[in-house]
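Student: Please see the structure below; I have some questions.
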Amino acid sequence: MSTTTDTFVQRSISFGRALRRAGVHTTMGQVMDFVRSAELIEISQRPEFREAARACLITHKDDLPTFDRVFDSYWRSKPDFTDQFFESGQPGDETYEVAEGEEGEEGEGTPDEAGDQEGGKRQRLEMVEPDDSAENAEDSEGDSDDVLSYSAAEVLRERDFADLSEEELAMARHLMERLHWKIGQRRSRRRVASPKGRFIDARRTMRRSLQTAGVPLRLSRRKTKTKPRQLVVICDVSGSMDRYSRILLQFIYAIENNMARVEAFVFGTRLTRISRLLRRRSIDDAMQRVAREVQDWSGGTRIGQSLQTFNMTWARRVLRNGAVVIIISDGWDRGDPELLRAEMSRLQRGSYRLIWLNPLLGSPRYEPLTRGMQAAMPYIDDFMTVHNLASLEALAKHLSEIDDLRPVRRQNPLLPRPSVPPAA
Amino acid sequence: MELNSVEAVQEALATQRYVSEQSLATAIYLSLRLPKPLLLEGEAGVGKTEVAKALATILDTDLIRLQCYEGLDVSHAVYEWNYPRQMLAIRVLEDENVDRERAVEEIFSSEYLIERPLLQAVRHVGKAPVLLIDEIDRADEEFEAFLLELLSDFQITIPEIGTIHAEHPPIVIITSNRTRELHDALKRRCLYHWIDYPTVDKEFRIMTGKVPGINERLAHQVATFIHELRREDLYKLPGVAETLDWAAALLALNQRELSTEIASATLGAILKHQEDLQAIRKNKLEGLVAAAADGE
């Protein structure tokens, strides 16, 4: 891909952010749709371009005026944007240079320094995105970082976490924080007023009937309130997972700080609860504390025993009201597969949905043949990979689609047949 | 009965056959004197609810119990209007040509109010009642937040009637099985006591008090057996309630001492998970029975 297209991607990303800042709810996925659709339409035709953007980015009628306002102020400031971004590809393209400057500082540079260095260019960015300036003082570091590194990030999405360099990891981590996590809802027992609800609100109906001489002409209704499901993440940090465990912990941190209800555990040879440790403001702080508290980082693996500890000590407290459980592990288990089988079966019964994320599944040649994986397989509702950012996005989508329909489970899980038929 | 010292509380509980440690008696005594709600936490079946029942009997007052569950709301915890009656009343008042304002006043009076436990506790006349809010961890956060308001000043506002103050603030006992962490704001308003599984000796005394007719030898064996059993890796450890059930079961089978066969046959009284039953029956039972026989 040429830098010209990359720059257009960057522009679109920051346009998406400008919209979000103006209060329009658009996701990264929508922005990517928009980028893709730009290839399909006549981009130099302003009305068509606007229609495409609106179709891709806006999902609420109420947001249309805001969209028009942001669109005008954003794209008009560079009326020749098509020329700039699609016809000229000179290496002196401003934003590209800034990206390199930031990268050199590993994303930790102070905002002031960055500003001084790129003086004029930053100013240009601010001119294009006037909405940014207000927030710049506070988190310009994060901001400049994410706008500018996105082209690299596009490539990053598909790369295996294990192959990333330190800088790329840092970048991936920033992108991860921006993933939008939304977990499926469960029906609670609570009811709230709603004009089209299923239940009659006797109290309100009564009150309103007084206006019509005691005849309940209009019925007030209530519906069942929904609440997000509890998410429980149990992550393997043993030696065989070493290449993935740190970045996956950051992933847990990102969900934790995006959604209210996450319980997190890590295990190698034994299970440690880290939910409280992750409730830190800065990720580095949280990581340090986790590393300090978790004794057996990068040691051996005993999945079965760790799950047993979970089932006995924690399940009653954290698996309430249809929790979604995510186990992240490669399935290399040194323990007894029979124990793992029993604990997986129990865990599945206790959870609304049991998801196993295996980073090895990203490799096309991988088959779940390890003893541990074999024992666990029959009890897994969703077996997914988690080796790059794209797979995390897929997971985010999957979680948001978990609804009230429980996955169909076999009464008796499919087990490998015993070699000797049991005596009658 | 006058409860003017920790010892007095402990003795009074003993008269109700409730065997208490000094720490629990102290917590109860303080919650009566300060006065502050008492939050009792502990595993299922260690006698949290019993405390409230015993206390109500000792103080010779009413026990008002609110069992919590998810979605518990004002109309089930505090009050509800009696809608059918109200609707009928409107008809009648209409026929009598009563003007509208008076009609509204009439149908939203106490007469049409259904009192739920919390309102009952606040409107209670006479001696302060014991209000038991049972298994609050089953209720959701919304209810917990509502409770905060009630516990701070013991008043309830009903828009149509006005604010009702408690004549005598009720004695509040809150229990939780700790299936979730309660909010700190609620905990801050309460005295806290964790009820642990009893020691062998205490469980023995509970059994002799609560299971009439049990011989000391069997009671001691059962207490030792249960004590050892609680050290095993089980999904659910048996509580005191299970111990009492089991003792009663053994008594009903005319047992004078524990034997492996009978223990195996009646194990369902104390262990309620298939995995636990299997694990114990498979290779632990004999050892436990032997330990119980030795423990005398």
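Just so it is clear, none of the values below were taken in a lab; they were calculated from the coordinates. As the structure is a computational prediction, the values presented were derived from the model and not from experiment. With ideal geometry, Cβ positions are generated from the backbone for all residues, glycine too; neighbour counts draw on all protein chains shown.
Student: In Å, what is the Rg of the alpha-carbon atoms in chain B, and how long is Dmax?
Tutor: Expressed in Å, the Cα Rg and Dmax of chain B come to 24.0, 84.
Student: Considering chain B as a Gaussian network with a 10 Å cut-off on Cα pairs, which listed residue, B:D99, B:D196, B:D134, attains the greatest mean-square fluctuation?
Tutor: In this elastic network of chain B, the residue with the biggest mean-square fluctuation among B:D99, B:D196, B:D134 is B:D99.
Student: Measuring from label point to label point, each 7 Å out along Cα→Cβ, what is the A:T224 to B:R189 span in nm?
Tutor: 3.0 nm
Student: Next up: Mind giving me the FRET efficiency for A:A390 and B:S152? R0 is 51 Å, r the Cβ-Cβ distance, nearest 0.05 is fine.
Tutor: 0.50
Student: Tell me, what ³J(HN,Hα) does each residue in segment B:218-223 have, in order and in whole Hz, if you take phi through Karplus 6.51 cos²θ - 1.76 cosθ + 1.60 with θ = phi - 60° and put x for Gly and Pro?
Tutor: 4, 4, 5, 5, 4, 4
Student: Please list, ordered by chain and number, the residues whose modelled amide H lies under 5 Å from the amide H of B:T266; skip anything fewer than 5 residues away on the same chain.
Tutor: Answer set, sorted by chain and number: none.
Student: Normalised radius of gyration for segment A:185-228, please: alpha carbon Rg relative to 2.2 N^0.38 Å, two decimal places.
Tutor: Here the Cα radius of gyration is 1.33 times the empirical estimate.
Student: Moving on. If the chain between A:S188 and A:E48 were fully stretched, how many nm would it gain, using 0.36 nm times the residue separation less the Cα-Cα distance?
Tutor: Using 0.36 nm per residue and subtracting the Cα-Cα distance, I get 45.9 nm.
Student: Looking at segment B:40-147, which chymotrypsin sites (Phe, Trp or Tyr not before Pro) are in a loop (DSSP not H, G, I, E or B) and have at most 16 other Cβ atoms within 10 Å?
Tutor: Here the chymotrypsin sites (Phe, Trp or Tyr not before Pro) that fit, given the DSSP loop and packing criteria, are B:Y69.
Student: Under a 5 Å amide H to amide H cut-off, with H placed in plane at 1.01 Å, what residues pair with A:I200 once short-range neighbours are removed?
Tutor: When sequence neighbours closer than 5 places are left aside, the close amide H contacts are A:R222.
Student: Under 13 Å from a label point 7 Å along Cα→Cβ of B:E216: give me every residue in segment B:276-296 with its amide N that close.
Tutor: Output list for this probe position: B:296.
Student: What is the set of long-range amide H partners of A:R186 at a cut-off below 5 Å, with H atoms built 1.01 Å from backbone N?
Tutor: Those lying under 5 Å, H to H, from A:R186 are A:K227, A:R229.
Student: Counting only C-alpha contacts under 8 Å and six or more residues apart, can you give the relative contact order of segment A:231-400 as a whole percent?
Tutor: 21 percent
Student: DSSP loop (so not H, G, I, E, B), at most 16 other Cβ within 10 Å: list which chymotrypsin sites (Phe, Trp or Tyr not before Pro) in segment A:304-399 pass both filters.
Tutor: When the chymotrypsin sites (Phe, Trp or Tyr not before Pro) of segment A:304-399 are filtered for loop state and at most 16 Cβ neighbours within 10 Å, A:Y366 remain.
Student: Given the pairs A:K223/A:K397; A:K223/B:K127; A:K223/B:K36, which span a C-alpha to C-alpha distance of over 30 angstrom in this model?
Tutor: Values: A:K223/A:K397 26 Å; A:K223/B:K127 41 Å; A:K223/B:K36 37 Å.
The pairs that break the limit, which is 30 Å between Cα atoms, are A:K223/B:K127; A:K223/B:K36.
Student: Report the Rg/Rh value for segment B:72-216, based on alpha-carbon coordinates and the Kirkwood definition of Rh.
Tutor: With Rg and the Kirkwood Rh in hand, the quotient comes to 1.15.
Student: At a threshold of 8 angstrom on Cα-Cα distance, excluding pairs fewer than six apart, so keeping six or more, what relative contact order does segment B:160-296 reach in percent?
Tutor: Relative contact order here is 25 percent.
Student: Quick one: work out the % antiparallel among DSSP beta bridges in segment A:231-400, nearest 5.
Tutor: So the antiparallel bridges in segment A:231-400 amount to around 15 percent.
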